[in-house]
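Step one of this worksheet: look at the structure below.
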Amino acid sequence: MKICGRPFYSIAMHPIAGGLIYVACCPSWLKYPYDKYRFRVKETNKGIDFEEVWNSNELLEFRKSILDGSYRYCDKKACPNLVSEKLMDIPEKATQNIQENNPRLNYFPIQIAANIDHACNLQCPSCRSVPDTCADPKTYQRFIDILKSGAEDIFFNASGELFFNPYLLRIMKSFSSKDYPSVKIFRIITNGTLLNKTLWYSLSDDFKSLLKEINISVDTFSEKTYSVIRPGGSFTNLQKNLKNISDLRRSGEIVNFRLLFVLQKNNFRELVDIVKGSLDLNPDGIEIRAVANWGSYSDTFFKENIRLPSDFQSICSGDILEVKKLINTSGVPLLSDIL
């Protein structure tokens, strides 16, 4: 029986009004009750209570579903790791727990997905229905708590744009490994519009040395489509920044960069161009996923105007075949829940 190491390795946090919540994995890959942002993080004047989160009843129950092999809370058609049968490795620390069928872990999370503020310079309709340009001042202390938690691997900020957030930017510019010796890896996700050369070289050397993965959410290489699905962003600046990041990767200043795409009605016919444009930038990986409704749309509007056609595989059969040939020839890994 294969065991997914994710719930034994990582925890993800997301902001809600007045606080934080935690999830076992990506909610769009899960079933009730884990398919929504329901579980609140306990915050005290001493900071985030990681023990309360990590060994909560919700996470213990979720781990049981992995240990017994049922994966009953996982959507086996939505999770790209289950679809591709490329499950996250089990951390060595969890070996004894798995042998003993024990979901309660005696170590804190190795990886924390610190998605802790919504502030963003874009207003993508698939992500938010109103602008969210004001960062929460609590973001600074929350991130400091996460740096002090003992986590080795920190991924941020999928809830918003980290380079637009003054509190996250302040930490990235001043980060010192001497202050947070447990941190070994940073991974980030960004829309790429602000990550120019000037900003890159303003980040602390210690932060950049630990930055092992840059994920850039692009969605399209068409300026016309970009203006529709990424309002507020400069397509010209994005292209310049992508070229710069690709050059930094080639020179070795960046260790690993990946390009992310969410397919919807507005861009699914650009599938081949998306892959060709990505390969021109020599990424370490490409991820292509179907759009999910994060609450920005009514169910009816989403089904009629946003989500992929139900016969997407049939409509794009030729494009999918060409994409697979391009990927096989290039050797660049492709992760997808729909291809």
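The values are calculated or read from the model by the stated rules, or taken from the named source; none is laboratory data. Predicted model only: the values in this text are computed from it and were never measured. We place every Cβ from the backbone using ideal geometry, glycine too, and count neighbours over all the protein chains shown.
Do we find that Arg307 is in contact with a Phe, Trp or Tyr (Cβ under 8 Å, 6 or more places away or on another chain) and touching a residue at least 24 places away in the same chain (Cβ under 8 Å) in this structure?
Taking the combined requirement at face value, the residue does not satisfy it.
Which residues, taken from the stretch 72-114, are at pLDDT 95 or above and aromatic (Phe, Trp, Tyr)?
Tyr73
All but one of (1) surrounded by 15 or more Cβ atoms within 10 Å (Cβ to Cβ); (2) assigned to a helix (DSSP H, G or I); (3) of a type in the set (D, E, K, R) hold for Arg187; which doesn't?
(2)
Suppose we filter the stretch 125-141 for residues that are loosely packed, with under 13 Cβ neighbours inside 10 Å and in contact (Cβ under 8 Å) with a residue 40 or more places away in the chain; how many remain?
Result for the stretch 125-141: 1.
Conditions tested, residue by residue: (1) of a type in the set (Gly, Ala, Ser); (2) under 24 Å from Tyr107 (Cα atoms); (3) within 15 Å of the chain's Cα centre (by Cα).
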| residue | (1), (2), (3) |
| --- | --- |
| Gly160 | yes, no, yes |
| Phe186 | no, yes, yes |
| Thr198 | no, no, no |
| Asp206 | no, no, no |
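Applying the selection to the stretch 150-170, what residues are assigned to a helix (DSSP H, G or I) and buried (at least 20 other Cβ atoms within 10 Å of the Cβ)?
Matches in the stretch 150-170: Leu162, Phe163, Phe164, Tyr167, Leu168.
Please indicate, with yes or no, whether at least one residue in the stretch 241-253 is closer than 17 Å to Leu122 by Cα and polar (S, T, N, Q).
yes
In the stretch 191-237, which residues are touching a Lys or Arg at 6+ places or on another chain (Cβ under 8 Å) and among the polar types (S, T, N, Q)?
Matches in the stretch 191-237: Asn191, Asn196, Ser202, Ser204, Asn215, Thr220.
A quick yes/no check of all residues on (1) among the acidic types (Asp, Glu); (2) over 23 Å from Pro33 (Cβ atoms):
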| site | (1), (2) |
| --- | --- |
| Ser70 | no, no |
| Cys79 | no, no |
| Thr95 | no, yes |
| Glu100 | yes, yes |
| Ile112 | no, no |
| Asn115 | no, no |
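Look through Leu122, Leu195, Leu147, Leu203 and report the one residue that is assigned to a loop (DSSP other than H, G, I, E, B) and free of Cβ contacts under 8 Å to residues at least 40 places away in the same chain.
Testing whether each residue is assigned to a loop (DSSP other than H, G, I, E, B) and free of Cβ contacts under 8 Å to residues at least 40 places away in the same chain leaves just Leu203.
Could you please give the count of residues in the stretch 208-221 that are crowded, with 18+ Cβ neighbours inside 10 Å and over 17 Å from the mean Cα position of the chain (by Cα)?
Total meeting the criteria: 3.
Would you check if there is a residue in the stretch 254-268 being farther than 23 Å from Val130 by Cα, modelled with pLDDT of 95 or more and touching a Cys at 6+ places or on another chain (Cβ under 8 Å)?
Looking for residues that are farther than 23 Å from Val130 by Cα, modelled with pLDDT of 95 or more and touching a Cys at 6+ places or on another chain (Cβ under 8 Å), one finds at least one in the stretch 254-268, hence yes.
Residues that are surrounded by 15 or more Cβ atoms within 10 Å (Cβ to Cβ) and within 23 Å of the chain's Cα centre (by Cα): which helices (runs of 4 or more DSSP H) entirely in the stretch 232-339 hold 1 or more of them?
Those helices (runs of 4 or more DSSP H) span 235-251, 271-280, 317-330.
For the stretch 49-90, how many residues are farther than 17 Å from Lys31 by Cα and in contact with a Ser or Thr (Cβ under 9 Å, 6 or more places away or on another chain)?
Total meeting the criteria: 3.
Would you check which residues across the stretch 96-117 are part of a helix (DSSP H, G or I) and touching a residue at least 24 places away in the same chain (Cβ under 8 Å) and list them?
Asn97, Ile98
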